[in-house]
Every structure is written in C-alpha cells, then in structure tokens.
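These notes concern the structure reproduced below.
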Amino acid sequence: MVAQRLRDYEIVMILTPQASEEEVTAIIERVSGFVTENGGSVEDHNIWGLRRMAYPINKFMEGIYVLAHFTLDAKDVLEMNRTLTIDEDILRFLITKK
C-alpha cells in the first residue's frame, strides 16, 4: 500500500450573493467533509463576506468570498475540482498549492 503524500492547499471560493448564511455554511461543510473523507484535514476557513467583483459572473456583480486552508493528497484535489465545478452556488473557485 502506498502512503498518501498530503500537501498544503488553499481554496478561495466566490459564492452566489443570493446564498443565505445556512447555504454558505452547508457549502463549507461539504468541502470540509470531502477533505476529511479523503484523509485530509481542514486547518481553518475564513468568510470574507459580500464583496464587489471586478466583472460580472453569471450576471452577478457581487459574491460571497470564502477562504479555506487544508491538506489533501494531490490525486484527491482533481476530484475535488470536478465536484466543485458542478455546484451551482459556487460562481468561481481557485485551489492553489502553498
């Protein structure tokens, strides 16, 4: 069995401005759940709140920004990417290696 090589990542998500606090919390919990189910851990998350964007995305000029730091195996980040792309409440996201 090959041991997982966990790496440090951070993700910035822009959520639809129509999302309620409960929906924002649910999205954060979904991302955290995915990370922990795949053997990683979430260090922290930070909700930056509603901010104006430089250009419209899906006709929205504002979005709720969320930052999270986590560790995960590289192969699982690809699956996370696919999962987040499907979510309609997430306008944009960027996962970067620290």
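Here are some notes:
- Residue pairs meeting the criteria (Cβ under 8 Å; at least 6 apart or on separate chains; first over 18 Å from G39 (Cβ atoms), in segment 80-98; second in a loop (DSSP other than H, G, I, E, B) and modelled with pLDDT under 95): D89/A19; L91/N58
- Members of segment 74-88 that are surrounded by fewer than 17 Cβ atoms within 10 Å (Cβ to Cβ) and either over 22 Å from S20 (Cα atoms) or not hydrophobic (A, V, I, L, M, F, W, C) (or both): A74, K75, L78, E79, N81, R82, T83, T85, D87, E88
- The residues listed here are V35, V12, V77, V66; of these, the one that is under 16 Å from K97 (Cβ atoms), within 12 Å of the chain's Cα centre (by Cα) and not in a helix (DSSP H, G or I) is V12.
- Any hit, segment 63-77, residues being without any contact (Cβ under 8 Å) to a residue 12 or more places away in the chain and not acidic (D, E): yes
The values are calculated or read from the model by the stated rules, or taken from the named source; none is laboratory data. What you see is a predicted model; the values in this text were computed from it and never measured. Counting neighbours? That spans all protein chains shown, and the Cβs are built from the backbone with ideal geometry, glycine included.
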